[in-house]
Amino acid sequence: MLRKNVLTFALPALGSALLLLSMGPASASPTVDATPAEGLAILENRCAVCHGVDKVTRTQKDKRQWERTVNRMMGKGATLTEAEKILLIDYLATHHGR
């Protein structure tokens, strides 16, 4: 009886663990497929509300630095969806990165 109970719980748990392992590691930095024009549009429509686009475009930062900057700007009131945020960071890192 004990053996049957152990198998009842152990097999589904083992199956779940194997399924998760087969999926591989989760992406640490999700990306959104978009054109450069879409990233530029977000920059022009959301960032330029508070400061000129040239302030951003004359700056060179790596992706992590751009992410910190975008998060800081969101903390100051910039409104972006999660998808827009990812798209903007990818755009900035690609076109204004080091």
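Taking a virtual spin label 7 Å from the Cα of residue 59 along the C-beta vector, which residues in the range 66-95 bring their backbone nitrogen under 11 Å of it?
66-74
Taking the Cα centre of the range 36-95 as the origin, how large is its charge dipole in debye, to the nearest 20, when only Lys and Arg (+1) and Asp and Glu (-1) carry charge on their Cβ atoms?
So the magnitude is around 340 debye.
Please compute the contact order of the range 36-95 in relative form: average sequence separation of alpha-carbon pairs under 8 Å and at least six residues apart, divided by the residue count, as a percent.
Computed over the range 36-95, the figure is 55 percent.
Where Lys and Arg each count +1 and Asp and Glu each count -1, what net charge lies around residue 42 among other residues with Cβ under 14 Å from its Cβ?
Cβ neighbours under 14 Å give a net charge of -3.
Non-local amide H neighbours of residue 61 (under 5 Å, H modeled in plane, Pro and chain starts lacking H): which ones?
The answer is 97, 98.
Every number in this text was worked out from the coordinates using simple rules, so none of it is lab data. It should be emphasised that the depicted structure is a prediction, and the values quoted were computed from it without experimental measurement. Neighbour counts run over all protein chains shown; Cβ positions are idealised from the backbone, glycine included.
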